[in-house]
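As structure tokens, the structure follows; a few thoughts come after it.
All of the numbers you see were taken from the coordinates with simple rules; none came from a lab. Computed from a prediction, not measured in an experiment: that's the story for all the values here. Here the Cβ is made from the backbone with ideal geometry for all residues, glycine too, and neighbour counts use every protein chain on show.
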Amino acid sequence: MIDIHCHILPGIDDGAKTLDESVQMAQAAVAQGIETIIATPHFNYHYNNEKAAILEQTAAFNKQLTEQNIPLTVLPGQEIRIYGEVVQDYQSGKLVSLAETNYLMIELPSGHVPRFTERVLYELQLEGVIPVIVHPERNQEIVQNPNLLYRLVKNGALTQITAASLCGGFGKNIKRFTQQLIEANLTHFIASDAHNVTTRSCKMAQAIELLEKKCGSGTVYYFTENAHLLVKGSAVQREIPHRIKKRKLWGIFS
């Protein structure tokens with residue numbers, strides 16, 4: 001299994017604080033069946049983690065994993081809070097795509113969708129970059145108006161839901177909305193967004209088990225295979241997206 005979103009690199013954002021914590025996260029991931037993680041430290045107004053430093057830190061951490069005989073490979077990435085100059089900074093080499101492919105992780109603010117979002121995502125695609133919007137289920141404006149996300153996906157963006165959201169870790173409302181995103185084909189990946197082994201731990205195995213139970217092996221394959229395709233830089237699977245109706249209840253998750 002591949003986890004495309006994890007704050008496992010030590011001491012550079014609000015994820016693992018020390019190397020020991022990073023190693024604990026690696027061991028916990030392996031115990032859940034994860035073989036590959038894309039490290040995605042924040043790139044925002046709090047954390048200025050640029051591409052060159054991430055590549056260096058990823059290589060150093062992989063060396064530690066090898067020395068400690070932990071069967072996990074860590075690949076470089078970033079969680080980039082959307083801003084107006086994303087394309088320019090990508091062109092200049094400040095930003096690193098997921099596993100150095102043509103997929104770029106984009107985070108929206110938790111409370112709203114900036115007005116320039118469509119423009120930035122469109123400009124990225126003109127550059128041959130495929131934006132992956134992370135945890136849209138936790139964006140308050142998208143929850144209130146899912147058509148915003150529908151339009152972004154319809155226009156070529158991909159999305160990634162969080163395992164803990166599906167498992168109820170962020171509350172019942174977010175769990176329900178996450179389920180609706182799956183039903184409406186508005187999401188393409190599931191990832192841990194793990195920050196530690198306590199309060200924001202990896203729940204990938206639990207989420208996959210829930211998917212298997214509620215949706216069947218085909219849905220599990222869809223999400224897990226898309227992660228493999230992303231790491232290879234291949235085209236991922238997309239289903240035709242649908243609008244979420246306000247009155248829609250639990251559907252296949254009932």
* Structure fact -> Scoring region 165-254 by relative contact order with C-alpha pairs under 8 Å, at least six apart, yields a percentage of 33 percent
* Structure fact -> Relative contact order in percent for the chain (Cα pairs under 8 Å, 6+ apart) equals 19 percent
* Would you mind calculating the gained length between residue 237 and residue 48 on full extension (0.36 nm times residue separation, minus the Cα-Cα distance), in nm to one decimal? => 64.8 nm
* By DSSP, what percent of the beta bridges with both residues in the chain are antiparallel, rounded to the nearest 5? -> 5 percent
* For region 73-130 and region 145-187, compute the distance between their C-alpha centroids and round to whole Å. => 19 Å
* Set of lysines near residue 154 by C-alpha distance (under 22 Å), chain-local residues within fewer than 8 positions excluded -> 245, 246, 248
* **Whichever lysines have a C-alpha closer than 16 Å to that of residue 214, once near sequence neighbours (fewer than 8 apart) are set aside** => 175
* **Residue-averaged [θ]222 nm for the chain, counting only DSSP H segments that reach four residues, each worth -39500 (n - 2.57)** => -12000 deg cm²/dmol
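Using a Förster radius of 35 Å, what is the FRET efficiency between residue 20 and residue 92 based on their Cβ-Cβ separation? Nearest 0.05, please.
On the way: r = 35 Å, r/R0 = 1.00.
Using R0 = 35 Å, I get an efficiency of 0.50.
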* Asked: Near residue 213, which aspartates and glutamates are there with a Cα under 19 Å away, not counting those fewer than 8 places off in the same chain?
  -> 183, 225
